[in-house]
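The values are calculated or read from the model by the stated rules, or taken from the named source; none is laboratory data. As the structure is a prediction and not an experimental result, all values here were calculated from the model. Cβ placement follows ideal geometry from the backbone for every residue including glycine, while neighbour counts extend to all protein chains displayed.
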Amino acid sequence: MKKMFLFADEDCSGFLDQREFKGAMGQMGLPLTAAQVTQLMQMVDINQDGMISYEEFVPVAFEILVQVVAGNVTAPPARPAPTRYAPPARVVPKKATAEVASLEGRVLAVQSRRIIRSKIKDLFSRLDRDKDGRLTVSELASAFGDGMARRIQETLDRNHDGCVTQYEMRRFFDEECSKAVESGVPEYKYLEGIVEMLESA
């Protein structure tokens, strides 16, 4: 993926602009329209600076490569770089549009998981007064009140030591997400709900 990023970064700026990002997507088998590139780029561009860093590029590139290896996306034959007077982009078939929609959902899910990990880490650093890496009921109560703190502890405390760790919290959300997906809820929708909940904590 590093080589792919460096190859796409034609001006060696360390970032991909929209044209370079579109080229990278094309090389991975996604011939996207300009509108699709713009939409996907906005989703991938976490800090909204209009450029894609390597850290922002990796999750989406990984998901696309997984799809290509699984045979869900057929990579096109290698093409020469487009010239200044390249013909207009061809119309993307419905199957490719569905693949892009699925990819967008996966990108949102990956980004939501990263945000969730970050929010959990922030929550622990705020509430973990003794800095032992575990939240007690009293530490949870300082943010959520006694009743809610006890419910959180009963639900998340897998090893029954009276405390909640970051691992236990992440594992709980992962398992609940799997249940939601099995019931037909899109993964990214569920994860976005968790992000909203953690942001309000």
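The figures follow:
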quantity	calculated
Test: residue in segment 18-35 that is touching a residue at least 40 places away in the same chain (Cβ under 8 Å) and of a type in the set (Phe, Trp, Tyr)	no
Members of segment 130-145 that are over 11 Å from Gly162 (Cβ atoms) and either among the polar types (S, T, N, Q) or not assigned by TED's automatic domain parsing to the domain that holds Gln166 (or both)	Ser142
So Val60, is it at pLDDT below 80, outside the structural domain of Arg114 (by TED's automatic domain parsing) and among the hydrophobic types (A, V, I, L, M, F, W, C)	yes
Filtered residues of segment 42-64 (kept if over 11 Å from Gln111 (Cβ atoms), of a type in the set (Val, Ile, Thr) and part of a helix (DSSP H, G or I))	Val58, Ile64
Wholly within segment 141-201, helices (runs of 4 or more DSSP H) carrying at least 2 residues that are closer than 19 Å to Arg114 by Cβ	166-182, 187-200
Hey, Lys189 under 25 Å from Glu56 (Cα atoms) and free of Cβ contacts under 8 Å to residues at least 40 places away in the same chain or not	yes
Selection count, segment 6-37, where residues are in contact with a strand residue (DSSP E or B) (Cβ under 7 Å, 6 or more places away or on another chain) and at pLDDT below 80	0
Where Val37 falls short, out of the listed (1) under 16 Å from Arg106 (Cα atoms); (2) surrounded by fewer than 18 Cβ atoms within 10 Å (Cβ to Cβ)	(2)
Selection within segment 123-138 - in contact (Cβ under 8 Å) with a residue 40 or more places away in the chain and outside any helix (DSSP H, G or I)	none
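Every residue, every condition in (1) within 29 Å of the chain's Cα centre (by Cα); (2) crowded, with 16+ Cβ neighbours inside 10 Å; (3) of a type in the set (D, E, K, R), yes or no:
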| residue | (1), (2), (3) |
| --- | --- |
| Arg129 | no, no, yes |
| Thr136 | no, yes, no |
| Leu140 | yes, yes, no |
| Asp146 | no, no, yes |
| Asp157 | yes, yes, yes |
| Cys163 | yes, yes, no |
| Tyr167 | yes, no, no |
| Phe173 | yes, yes, no |
